[in-house]
Amino acid sequence: MNSGLLRTIVRYGYVPFMLIVLNGAAIYAVTHSQSHIWHYAWLLPLLAIAFATAFFAERVLPFHEEWNQSHGDDNVNLWHTIVYEGTSATGVLMIPLVAYILQIPQGSLLNVWPRDWPILGQLALAVLVADFMFTLIHFLSHRYATLWKLHAVHHGAARIYGFNGLVRHPLHQALDMAIGTAPMALLGMPVEVAALLGFVISVQLIVQHSNVNAALGPFRNHLSIGRIHHLHHVNWGKEGDVNFGLFLTLWDRMFGTFAPEPPRPITAKDMGIDDVPQFPTSYREHLAFPFHYKPGTPYVSPSAADAAHDPEPARGTLPTAR
């Protein structure tokens with residue numbers, strides 16, 4: 001296929017395919033499958049297609065070629081993806097389990113969720129509520145040091161591409177789920193809607209962080225993807241404290257934190273955290289990071305600190321003469 005035609009297809013087709021076709025396929029699979037097990041089993045290959053599509057599109061039409069090169073973060077991002085999706089699936093499974101343990105009848109504690117709405121309407125409501133709650137948590141995570149230490153694990157990435165969209169410290173993900181989605185389950189959100197909400201959020205995170213220079217047309221300033229989200233990830237001190245939304249810029253406009261344009265061009269080297277230029281690249285260090293990081297001061301990983309103070313000479317070298 002002509003490379004120019006392929007770039008055009010990616011530029012105009014990537015976002016619609018990811019947000020409309022894949023999410024539509026997920027809704028169809030969950031609502032039309034004859035088996036309750038296959039309701040949700042179909043979401044896994046659809047998620048794999050989302051990752052594969054992002055990977056392909058990033059090679060065809062990247063914002064920055066450098067972001068397609070490994071920064072030593074492939075393994076840690078894979079672990080984050082596994083833990084993130086496993087935790088999300090566990091959260092969905094907890095809904096019927098908690099209802100059974102507490103003997104809550106079909107519905108909820110308060111029974112106010114509009115279960116009689118079409119599934120698409122219920123999902124749209126769930127996305128709107130979750131987007132507001134996630135935006136609020138995100139905003140607060142940039143304001144309070146305790147939350148920022150957890151959230152900084154997501155901001156440590158030196159590049160933005162599809163796989164690091166799911167990079168989250170498990171404690172921060174638990175906070176997102178406890179405040180952002182669990183209340184809707186208690187209000188009666190069905191398991192099917194919760195599963196679809198989890199899938200839609202995962203796809204959105206992939207698109208939001210994918211290194212694809214896609215055309216957004218009139219939706220450019222209304223969707224929290226592309227350059228709008230890149231501005232949020234810059235390592236320019238407080239200049240990145242804007243554009244907190246996951247799906248829409250609606251809530252940022254309400255909070256007064258919406259910034260459609262960067263004050264200067266964003267380069268491939270402008271991502272990350274200014275006081276942690278060499279962010280750890282192992283999952284174990286990511287888990288420990290919030291407990292050692294002091295915002296505003298240069299960060300030295302525990303392993304590097306131990307090596308610097310190790311009195312034993314390296315194997316194969318002579319002791320330094322005194």
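The values are calculated or read from the model by the stated rules, or taken from the named source; none is laboratory data. The structure displayed is predicted, hence computed values, not measured ones. In this analysis, Cβ positions are derived from the backbone assuming ideal geometry, glycine residues included, and neighbour counts consider all displayed protein chains. Side chains are part of the model used for accessible areas, which takes the heavy atoms of the whole protein and leaves out ligands, DNA and RNA. Shrake-Rupley method; radii C 1.70, N 1.55, O 1.52, S 1.80 Å.
Starting from the amide H of Phe63, placed 1.01 Å from N in the peptide plane, find each other amide H under 5 Å away whose residue is 5 or more places distant or on another chain.
Val212, Asn213
Please list, or write none, the aspartates and glutamates whose alpha carbon is within less than 19 Å of the alpha carbon of Lys269, excluding same-chain residues fewer than 8 places away.
Straight-line reach from Lys269, under 19 Å: Glu58, Glu65, Glu66, Asp73, Asp74, Glu239, Asp241, Glu261.
Where the Cα atoms of the range 151-227 are projected onto their three principal axes, how long is each span, largest first, in whole Å?
Largest to smallest, the principal-axis extents are 39, 31, 18 Å.
Which order, highest average first, do 282-289, 242-249 follow once you tally other Cβ atoms within 10 Å for each residue and take the mean per peptide? Present the calculation step by step, with values, prior to reporting the outcome.
Values: 282-289: 17.2, 242-249: 22.0.
Taking the mean over residues of other Cβ atoms within 10 Å, the ranking is 242-249, 282-289.
Please list the non-local residues whose amide H lies under 5 Å from the amide H of Leu248, H modeled 1.01 Å from N, same-chain partners needing a gap of 5 or more.
Ser224
Under the classification rounded if a/c is under 1.5, otherwise prolate if a/b is larger than b/c and oblate if not, where does the range 29-94 fall, given a ≥ b ≥ c as square roots of the Cα gyration tensor eigenvalues?
Note, shape of the range 29-94 comes out oblate.
Packing-wise, with mean Cβ within 10 Å as the measure, how do 154-161, 142-149 rank, highest first? Numbers along the way, then the final one.
Details: 154-161: 22.8, 142-149: 14.4.
With the highest mean Cβ count within 10 Å placed first, the list reads 154-161, 142-149.
Using just the helices of the chain, give the 222 nm mean residue ellipticity in deg cm²/dmol: DSSP H runs with n ≥ 4 each add -39,500 (n - 2.57), and the total is spread over all residues, rounded to 500.
Values: 14 runs with 167 residues, N = 322.
Calculated at 222 nm, the ellipticity per residue is -16000 deg cm²/dmol.
From the backbone phi of the range 79-85, what are the Karplus-calculated ³J(HN,Hα) couplings (6.51 cos²θ - 1.76 cosθ + 1.60, θ = phi - 60°) in whole Hz, Gly and Pro given as x?
Taking θ as phi minus 60°, the curve returns 4, 4, 4, 4, 5, 4, 5 Hz for the range 79-85.
Would you mind classifying the range 179-302 by shape? Square roots of the alpha carbon gyration tensor eigenvalues, ordered a ≥ b ≥ c; an a/c under 1.5 is rounded, otherwise it is prolate if a/b is larger than b/c and oblate if not.
Numbers: a/c = 1.93, a/b = 1.20, b/c = 1.60.
Here the range 179-302 falls in the oblate category.
Taking θ as phi - 60°, what are the ³J(HN,Hα) couplings along the range 227-239 by the Karplus curve (6.51, -1.76, 1.60), each to the nearest whole Hz, with x for Gly and Pro?
For the range 227-239, the Karplus-derived couplings read 4, 4, 7, 4, 4, 5, 9, 5, 9, 9, x, 7, 5 Hz, x marking Gly and Pro.
Once phi is turned into ³J(HN,Hα) by the Karplus curve 6.51 cos²θ - 1.76 cosθ + 1.60 with θ = phi - 60°, what whole-Hz value does each residue of the range 134-150 show in order, with x for glycine and proline?
5, 4, 5, 4, 4, 4, 5, 5, 9, 9, 10, 4, 4, 6, 5, 4, 6
Per residue, how much accessible area does the chain have with a 1.4 Å probe, in Å²?
52 Å²
Rank-order 220-232, 187-199 by packing density, defined as the average count of other C-beta atoms within 10 Å over each peptide's residues, highest first.
Ranking, from highest mean packing down: 187-199, 220-232.
Considering only protein heavy atoms and a probe of 1.4 Å, how much of the accessible area of the chain is carbon and sulfur, as a whole percent?
On the way: 11010 of 16720 Å².
Reported share for carbon and sulfur atoms: 66 percent.
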